[in-house]
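J.: One structure follows; several queries about it will come next.
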Amino acid sequence: MERFSTRKKEHLPTHFYNIKADLADQPKPPLDPRSGQALDPSALQAIFPRAFIDQEISRERYLPIPAAVLEAYAQFRPTPLIYAAELKKTLQTPAHIFYKFEGVSPTGSHKSNTALMQAYLAAEEGVNTLVTETGAGQWGSALAYAGSRFGISTRVFMVRASYRQKPGRRTLMNLFGAQVEESPGPNTESGRGYFLKNADHPGSLGIAISEAVETVLNNPTSKYALGSVLDSVLLHQTVIGLEAEKQFNEIGMEPDTVIGCVGGGSNFAGISFPFIRKNLAEGNKIDCIAVEPEVCPSLTGGELRYDHGDSAGLTPLLYMYTLGRDFIPPPIHAGGLRYHGMAPLVSHLAATGQVRACSYSQAAVFAAAKAFYTSEGVLPAPESAHAIAAVIEAAQQAARTGEEKVILFNLSGHGFFDIGAYELNGRQN
C-alpha cells in the first residue's frame with residue numbers, strides 16, 4: 001500500500017517558468033575568458049550535463065518537469081503557504097504576512113528543488129559523480145540527498161568557516177554518502193595556495209567553486225553541479241513561486257510585496273520570478289525586494305560588470321553585480337549569502353528596476369529571526385532571517401500608514417542546524 005499523503009503530483013506545477021521569455025531586453029551573454037567573445041554553449045559540456053546546458057540557453061516560457069522529478073518533489077511539495085498571524089499581531093500591523101516554507105524538504109531548504117533536477121539530468125547521461133561547493137551546507141546537503149536518490153556519488157567542497165561552524169550539515173551530507181572536505185584545502189591547485197599560506201583560511205564560495213570545477217576538469221566521469229547563480233538553477237526554483245501563485249489564487253488574494261534573501265539569487269528568483277512575470281506581462285506593480293548582508297552587498301555595494309564566478313578564474317565571465325572575485329567576506333553566520341557576485345538574471349532585473357535591493361546588519365537579522373521564532377514558533381535559517389528583517393520593516397511601515405498590504409516572503413530553510421550561530425549571537429549581544 002502506498003504511503004498516505006496529502007501531497008500529490010497533480011497539485012504540483014508541471015513546468016518551470018523561464019523569465020527570459022518575457023524580458024524585452026536579455027541580459028548580456030557569458031563571455032569566454034580566453035577570447036572575450038560570447039561563450040559557445042558547447043564549451044560548457046566539459047563541466048555540465050548537456051541537458052542542463054540546453055535549459056541554460058532556452059528562451060521557452062515553460063519547460064516541462066520530468067515525471068521522475070515530479071515523483072521526487074511529491075515527497076515534500078507543494079510546500080505550505082502559511083499566514084503569519086502571530087507575527088502580524090506582535091507587530092500590530094494591518095499588513096497580511098504570508099510565507100512559503102521551504103524548510104519542510106528532506107534536507108531543510110529550497111535547494112532540493114534544483115538538486116533533484118540536476119541529479120536527474122546527470123543520471124540520464126550516465127554521470128558517475130557530481131562535484132560541487134557549498135557555503136552553509138544547504139546546497140551540499142541537497143545535492144547529496146538528490147545524488148543518493150538518483151544513484152550518483154557526490155563530492156562537496158565546503159567553505160571552511162561553515163565547515164567548522166555547522167558540523168550538523170557535514171553529518172547530514174555524510175549520511176547521504178557524500179565526500180565532504182574543507183575549502184580551501186590541499187587537494188587542488190586552486191585551494192592549495194590559500195591553504196599553505198593559512199590552514200585556517202575561512203574560505204569563500206568563489207574559492208570552493210574553483211576547487212570543484214578544477215576537480216571536474218581533471219575527471220571526465222564527473223560533472224559539476226551549481227546551487228545558484230545560473231539561469232537553469234533559477235529556473236528550477238520557480239516551482240516555489242508557481243505554487244505560491246496558485247495558493248494565493250485559491251484564497252482570492254495576491255501579494256503586493258514579495259521578499260527573499262539573496263546570496264547567489266536562487267531562492268529569491270524562485271519566489272519572485274512568477275510574480276515579476278505579472279509585472280512584465282500583465283502590468284502589475286508587485287514590489288519585489290532582494291535582501292542581502294551588509295558585509296557582502298553585491299547588489300547594493302558591487303559593480304555591474306563582467307567577472308568570473310570563481311576565485312581562480314576557471315569559469316566563464318558573467319555580467320553581474322560583483323564585489324570582485326578576490327573578495328573574501330567575513331565569516332558571517334549566513335554562510336549561504338557569502339558570495340561575491342549575483343545571478344546575471346537577478347542583476348539584470350535590479351539594473352532595469354524590476355527588483356530593488358536592501359541590506360541589513362547581522363545584529364538586525366538575528367533580532368528579526370528571534371522576533372519571528374518567538375511569535376511564529378519556526379526557527380529560520382540565518383539566510384532567511386534577512387528576508388524577515390525586510391518583512392518586519394515593511395509591516396511596520398504599513399502600521400504607520402494604515403495600509404492593508406499583502407506581504408509574501410520565502411522562508412527558504414529552517415535554522416535547526418544553525419543553533420550554534422544563534423547561541424554565539426546571543427553571547428555577543
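Any read-out appearing in this document is the output of simple, stated calculations on the displayed coordinates, not a laboratory observation. Just so you know, these numbers come straight off a predicted model, no measurement behind them. Methodologically, a virtual Cβ is constructed for each residue, glycine included, from the backbone with ideal geometry; neighbour enumeration extends over all protein chains shown.
J.: Counting only residues 5 or more places away or on other chains, whose amide H sits under 5 Å from the amide H of HIS340 once H atoms are built in the peptide plane?
T.: Sorted by chain and number, the residues that satisfy this are GLY206.
J.: In the neighborhood of PRO41, defined by Cβ-to-Cβ distances under 9 Å, what is the net charge if each Lys or Arg adds +1 and each Asp or Glu adds -1?
T.: Net charge around PRO41: -3.
J.: Give the relative contact order (percent, whole number) for the chain; include only Cα pairs under 8 Å separated by 6+ residues.
T.: 20 percent
J.: Can I ask one more? Below 15 angstrom from the Cβ of VAL233, what's the summed charge of the other residues (Lys, Arg +1; Asp, Glu -1)?
T.: Here the count lands on -2.
J.: Taking amide hydrogens as modeled 1.01 Å from N in the peptide plane, which residues meet the under 5 Å criterion relative to PHE16, leaving out close sequence neighbours?
T.: It is LEU63, ILE65, by chain and number.
J.: Using Cα pairs under 8 angstrom and six or more residues apart, how large is the relative contact order of the stretch 128-240, in percent?
T.: 30 percent
J.: Highest mean first, how do 265-275, 160-170 rank when packing is the count of other Cβ atoms within 10 Å averaged over residues?
T.: Top to bottom by mean Cβ count within 10 Å: 265-275, 160-170.
J.: Now for a different question. What whole-number distance in Å separates the alpha-carbon centres of the stretch 226-252 and the stretch 70-148?
T.: Using only Cα atoms to place each centre, the spacing works out to 11 Å.
J.: Ok, one more. Which length gain, in nm to one decimal place, applies between ALA46 and LYS278 when the Cα-Cα distance is subtracted from 0.36 nm times their residue separation?
T.: 79.8 nm
J.: Quick one: 3J(HN,Hα) in Hz for the stretch 160-165, Karplus 6.51/-1.76/1.60 with θ = phi - 60°, rounded, Gly and Pro as x.
T.: Using θ = phi - 60°, the values come out as 4, 4, 7, 3, 8, 7 Hz.
J.: Could you size up the charge dipole of the chain around its Cα centre, putting +1 on the beta carbon of Lys and Arg and -1 on that of Asp and Glu, and report it in debye to the nearest 20?
T.: Around 540 debye, computed over the chain.
J.: Answer rounded, prolate or oblate for the stretch 103-144, using the Cα gyration tensor with square roots of eigenvalues a ≥ b ≥ c: rounded when a/c is under 1.5, else prolate when a/b is larger than b/c, else oblate.
T.: oblate
J.: Only helices at least 27 Å long along their own axis, judged from Cα atoms, and with Kyte-Doolittle mean hydropathy of -0.5 or greater: name those in the chain from DSSP H.
T.: 382-401
J.: Still on this structure, I have one more. What are the ³J(HN,Hα) values, in whole Hz, obtained from phi via the Karplus relation 6.51 cos²θ - 1.76 cosθ + 1.60 with θ = phi - 60°, for each residue of the stretch 151-157 in sequence order, with x given for Gly and Pro?
T.: x, 10, 6, 10, 10, 10, 9
J.: Would you grab the residues whose amide H sits under 5 Å from the one on HIS96? Only those 5+ places off in sequence or on another chain, please, with H modelled 1.01 Å from N.
T.: It is LYS405, VAL406, ILE407, by chain and number.
J.: Also: Taking R0 as 41 Å, what's the FRET efficiency between GLU403 and ASP25 from their Cβ-Cβ distance, rounded to 0.05?
T.: 0.80
J.: In terms of the Cα gyration tensor, with a ≥ b ≥ c the square roots of its eigenvalues, is the stretch 97-236 rounded because a/c is under 1.5, prolate because a/b exceeds b/c, or oblate?
T.: It comes out oblate by the Cα gyration axes.
J.: Also, I was wondering about something else. So what is the relative contact order for the stretch 39-100, in percent, with contacts set as C-alpha pairs under 8 Å and at least six apart?
T.: Relative contact order of the stretch 39-100: 22 percent.
J.: Arrange THR374, THR132, THR90 by Cβ neighbour counts within 10 Å, fewest through most, would you?
T.: THR374, THR90, THR132
J.: Ranked by Cβ crowding within 10 angstrom, fewest neighbours first, how are ILE57, ILE251, ILE388, ILE276 ordered?
T.: The order, fewest Cβ neighbours first, is ILE251, ILE57, ILE276, ILE388.
J.: Further, regarding this structure: If you take the square roots of the eigenvalues of the alpha-carbon gyration tensor of the stretch 270-429 and sort them as a ≥ b ≥ c, do you get rounded (a/c under 1.5), prolate (a/b over b/c) or oblate?
T.: oblate
J.: Where does the chain land at 222 nm, in deg cm²/dmol rounded to the nearest 500, when only DSSP H runs of n ≥ 4 count, each adding -39500 (n - 2.57), divided by all residues?
T.: It comes out at -12500 deg cm²/dmol, rounded to the nearest 500.
J.: With a 10 Å radius around each residue's Cβ, average the other Cβ atoms per peptide and rank 15-28, 173-186, highest first.
T.: The peptides rank, most packed first, as 173-186, 15-28.
J.: What ranking of HIS236, HIS11, HIS414, HIS348 emerges when the number of other C-beta atoms within 10 Å of each C-beta is taken as an exposure proxy, fewest first?
T.: Neighbour counts put them in this order, fewest first: HIS11, HIS414, HIS348, HIS236.
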